[in-house]
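The values are calculated or read from the model by the stated rules, or taken from the named source; none is laboratory data. Note that the structure is a prediction, hence the values are computed from the model and not measured. Because the Cβ atoms are built from the backbone with ideal geometry, glycine has one as well, and the counts that use them run over all protein chains shown.
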Amino acid sequence: MSFETQLSQEEIDRLFREAGTTVPEEGKAAAKKSFSYDFRRPDRIPKEQLRSIHLLHDFFARNLASSLGAYLRAYVVVHLVSVEQLSFAEFLQYLPTPTCISTIGMKPLEGNAVLELNPSLVFPMLDILLGGTGKNAMKEFREITEIEQSIIEGVLRIVLHDLTETWRPVSEINFSIESTETQPQLIQILSPNEAIVAIGFEITTGENRGMMNFGIPSIMVKMLGQQFEQQWSIRRKTVNEEEQRVMQRIVNGLPMTLDARLEGGTIRTADLLQLEAGDVLTFDIPLSRPVSVGVNGRCKFQGEIIVTGKNRAIVIGGREEH
């Protein structure tokens, strides 16, 4: 027994016509909600999550400035410059050659990130670590030697330690150095078209300034999903509460000056210069009028002068209205 498995052109046309006339209204409404999809970049993450990454690494930049400053024993400033998605090929294209670029492990996640230090940072840091001031670092950059790589790994470990601590509320990721190269083209951890979240930092050490670039595959960030934003919002709340408690402890111990002022009277400069002992000044202010109470020179309260024994005091009546 045989079955006909091919349709004629007429039967095909009839099926398409019938399908076109029986599309339900729900399907039409769904079709209107369609959106464009880039099949070349299936691992792109939403802008909302990019903003969360920006806030996370802005916090990291502040911590890194303190850590590097203590390690180098020099004044260090770190600014977050950009957070954007690029293809891996574009990311490598923007890096200088030669440079100091490392493949970073992300245990327990499978895959690697990339960390790059510009030569304009590497050589001044090497000079400082070897006992110099960093001012006489060479201007014509070259490939760093194996000995210099081992020295600069101390700086990289500081960076990765702060990255690990920054990402801890989001996920327990252990960032570690796996290999270091001087040519960006030798880093082949991703295919050229795969998306990567490129995070750029500007680091200033004394008179020297350069870029540090951190790249993490977008697919890994996307894997964390909603957990990333939730944990970061909790982290921000926790950090804000901790900062408030620290500030409260500092403020509680600060001494302040409290004074009362009877304001309103005026006098001409010529009369003020002619004042002598025994002269009486009239302020023309009723006794019922409250006086201003100042804290460190700024009026904060209103009060009334009273007598307690042999001393005069102020009864606070309310806040000063501005």
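Worth pointing out:
Residue by residue, here is whether (1) at pLDDT 85 or above; (2) of a type in the set (A, V, I, L, M) holds:
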| position | (1), (2) |
| --- | --- |
| ALA30 | no, yes |
| PRO46 | no, no |
| SER52 | no, no |
| VAL76 | yes, yes |
| VAL83 | yes, yes |
| GLU116 | yes, no |
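- Among the residues of the stretch 251-273, the ones that are in contact (Cβ under 8 Å) with a residue 40 or more places away in the chain, small (Gly, Ala, Ser) and farther than 18 Å from ARG289 by Cβ come to 0 in all.
- Scan the stretch 121-156 for residues that are part of a helix (DSSP H, G or I) and either over 12 Å from THR99 (Cα atoms) or of a type in the set (Val, Ile, Thr) (or both) and the total you get is 17.
- For the stretch 157-207, a tally of residues being buried (at least 19 other Cβ atoms within 10 Å of the Cβ), assigned to a strand (DSSP E or B) and not hydroxyl-bearing (Ser, Thr, Tyr) returns 8.
- Within the stretch 153-188, tally of residues that are farther than 22 Å from LEU56 by Cβ, of a type in the set (A, V, I, L, M, F, W, C) and touching a residue at least 40 places away in the same chain (Cβ under 8 Å): 1
- Pairing residues of the stretch 66-78 that are assigned by TED's automatic domain parsing to the domain that holds LEU163 with residues that are part of a loop (DSSP other than H, G, I, E, B), at Cβ distances under 9 Å and at least 6 apart in sequence or on separate chains, gives LEU68/ALA74; GLY69/TYR75; LEU72/GLY134; ALA74/THR133; ALA74/GLY134; ALA74/GLY206; TYR75/GLY206; VAL76/GLY206.
- Selection within the stretch 133-156: residues that are under 15 Å from GLY69 (Cα atoms) and modelled with pLDDT under 85. The member of this set that is surrounded by the fewest Cβ atoms within 10 Å (Cβ to Cβ) is THR133.
- Positions within the stretch 211-239 being of a type outside the set (Val, Ile, Thr), modelled with pLDDT under 75 and surrounded by 10 or more Cβ atoms within 10 Å (Cβ to Cβ), in sequence order: LEU224, GLY225, GLN227, PHE228, GLU229, GLN230, GLN231, TRP232, SER233, ARG235, ARG236, LYS237
- Of the residues in the stretch 125-142, not one is touching a Phe, Trp or Tyr at 6+ places or on another chain (Cβ under 6 Å), over 25 Å from GLN183 (Cβ atoms) and without any contact (Cβ under 8 Å) to a residue 12 or more places away in the chain.
- If the condition is being closer than 17 Å to ILE45 by Cα and β-branched (Val, Ile, Thr), then the stretch 178-222 contributes ILE196, VAL197, ILE199, ILE216, ILE219, VAL221.
- In the stretch 267-310, residue surrounded by the fewest Cβ atoms within 10 Å (Cβ to Cβ) [restricted to those that are touching a Ser or Thr at 6+ places or on another chain (Cβ under 9 Å) and of a type in the set (S, T, N, Q)]: ASN296
- Odd one out for GLU178, checked against (1) at pLDDT 90 or above; (2) closer than 18 Å to HIS54 by Cβ: (2)
- GLU116 surrounded by 19 or more Cβ atoms within 10 Å (Cβ to Cβ), closer than 21 Å to GLN188 by Cβ and touching a residue at least 24 places away in the same chain (Cβ under 8 Å): yes
- Hits in the stretch 98-111 (condition: crowded, with 21+ Cβ neighbours inside 10 Å and not hydrophobic (A, V, I, L, M, F, W, C)): THR99, SER102
- Residue under evaluation ARG319, criteria (1) surrounded by 10 or more Cβ atoms within 10 Å (Cβ to Cβ); (2) modelled with pLDDT of 80 or more, criterion not met: (2)
- All positions within the stretch 276-318 that are under 14 Å from LEU258 (Cβ atoms) and among the basic types (Lys, Arg): ARG298, LYS300, ARG312
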